Amino acid sequence: MKSRSEPSTSSSTLAARWLRQREPAPLVSFFSTGVTSYERIAAACGVPVGTVRSRLNQGRAKLATALAATADAPHGNTAQRLRASRVEAHETLAAAESGRFGALMTERWSPEIALLRGNEAVGGRSVLARGMDGDLEAGVRQRLVHVVAGRSLVVWEMDLLSPVDNPDHCPPSVA
């Protein structure tokens, strides 16, 4: 039995084929478990790291464009929703850095909030608060990269920034 960090041959073959295409079809969360760094994806697929970064960036851009193009008609003002979600993400990060992450979760988010790994819930509010606090104590910071917002779902993509004195700190506490 292979470990979760080792992709199956068929997964690697499919991913390599996808990465080598000039106009790859969308591939969403293909590497959400196991092979998670750009370097490991490149090694698993036999392509340069730059190709992995480029293709994933193209996929994110296409997804954002497709969602924005279809969201206004059935879901109201997408641009306003995106702006509000960006503000909320920045407020959330500021609250975390000032020690108010747990209070903010209580004020703004559903009591049923859960940290998911794949489809499996691995913890709730307390796990998220402990993970955020642990990362901040270790010097890890987050930077907002992308926001996708709908009526009932918001996705914040964050870069995790390891401390300068410990560049290999990540993965974060909640990973």
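Under a Cβ-Cβ cut-off of 12 Å, what is the net charge of the residues other than Ala114 that fall near it, where Lys and Arg count +1 and Asp and Glu count -1? Let's see the in-between values first.
On the way: positive: Arg117, Arg125; negative: Glu112, Glu120.
Local net charge: 0.
Other residues whose C-beta falls under 14 angstrom from the C-beta of Leu63 contribute a net charge of +2, scoring Lys and Arg +1 and Asp and Glu -1. For the residues Met158, Met105, Met132, a 1.4 Å probe over the protein chains yields an accessible-area ranking, largest first, of Met158, Met132, Met105.
Heavy-atom accessible surface of Thr106, to the nearest 10 Å², is about 90 Å², with a 1.4 Å probe and all protein chains retained. The candidates Ser37, Ser98, arranged from most to least accessible area with a 1.4 Å probe in the full protein assembly, appear as Ser98, Ser37. In this structure Glu91 has an accessible area near 80 Å², from a 1.4 Å probe over the protein heavy atoms.
Largest to smallest in accessible area, the residues Ile41, Ile113 fall in the order Ile113, Ile41 (1.4 Å probe, all protein chains included). Per-residue surface analysis assigns Thr65 an accessible area of about 90 Å², computed on protein heavy atoms at 1.4 Å probe radius. Counting charges near Glu157 (Lys, Arg +1; Asp, Glu -1) among other residues having Cβ under 12 Å from its Cβ returns a value of +2.
The values are calculated or read from the model by the stated rules, or taken from the named source; none is laboratory data. All of these numbers come straight from a predicted model, not from anything done at the bench. Neighbour counts are summed over all protein chains in view; Cβ atoms, including those assigned to glycine, are modelled from backbone coordinates with ideal geometry. SASA here: full protein model, heavy atoms, side chains in, ligands and nucleic acids out. Shrake-Rupley method; radii C 1.70, N 1.55, O 1.52, S 1.80 Å.
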